[in-house]
Amino acid sequence: MDVGMSEPRTTTELRTPVLSSIWGQSNVTKAVSSGIFVCPTEGMERAYWHYRTRSWRTVLSLPVIPGDIVEEYVECFCCGETVHPQVVKSQHPSLRVESTTD
Ligand SMILES: [Zn+2]
């Protein structure tokens, strides 16, 4: 047999880069709820958004398969301060009661 200098093999090399450009991962943050809380920075009742960041598997940069929750936080409408959602949870029992008419 001779030592062939034929058959260039490039096909398997290409596969991985192509696949990984179709599948990707990205973090998507969106608001899941809103309400009123006492902003720790301002010491006043403020509206807030509760945001959740989740990792998604993406296909062609479109999120298709939801993954784990990466981060959750509450953002004050007024000053933009972000705090842990636990802050709101601990405040809500007292804030939620019917005495909201003023
Ligand atoms: Zn604030």
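The one condition from (1) within 24 Å of the chain's Cα centre (by Cα); (2) at pLDDT 85 or above that M44 does not meet is (1). Would you tally the residues in segment 48-69 being aliphatic (A, V, I, L, M) and either under 12 Å from K30 (Cα atoms) or modelled with pLDDT of 95 or more (or both)? Of the residues in segment 48-69, 1 are aliphatic (A, V, I, L, M) and either under 12 Å from K30 (Cα atoms) or modelled with pLDDT of 95 or more (or both). What are the residue pairs meeting all of these: first residue in segment 58-76, first residue free of Cβ contacts under 8 Å to residues at least 40 places away in the same chain and on the phi > 0 side of the Ramachandran plot, second residue surrounded by 12 or more Cβ atoms within 10 Å (Cβ to Cβ) and in a strand (DSSP E or B), Cβ atoms under 7 Å, and 6 or more apart or on different chains? Partner pairs satisfying both residue conditions: S61/G24.
State which residue is nearest to the ligand (Cβ to nearest atom) when the search covers only segment 70-100 and only residues that are modelled with pLDDT under 90 and touching a strand residue (DSSP E or B) at 6+ places or on another chain (Cβ under 7 Å). Only one residue tops the list, namely Q91. Residues in segment 40-58 that are of a type in the set (F, W, Y) and more than 9 Å from the ligand (Cβ to nearest atom) were compared, and the one that is surrounded by the fewest Cβ atoms within 10 Å (Cβ to Cβ) is W49. Filtered by the rule that a residue be among the polar types (S, T, N, Q) and part of a strand (DSSP E or B), segment 26-53 gives S26, N27, T29, S33, S34, T53. Residues that are within 12 Å of the chain's Cα centre (by Cα) and within 14 Å of the ligand (Cβ to nearest atom) do not occur anywhere in segment 17-39.
The values are calculated or read from the model by the stated rules, or taken from the named source; none is laboratory data. None of the values given here were measured: they were computed from a predicted structure. With ideal geometry, Cβ positions are generated from the backbone for all residues, glycine too; neighbour counts draw on all protein chains shown.
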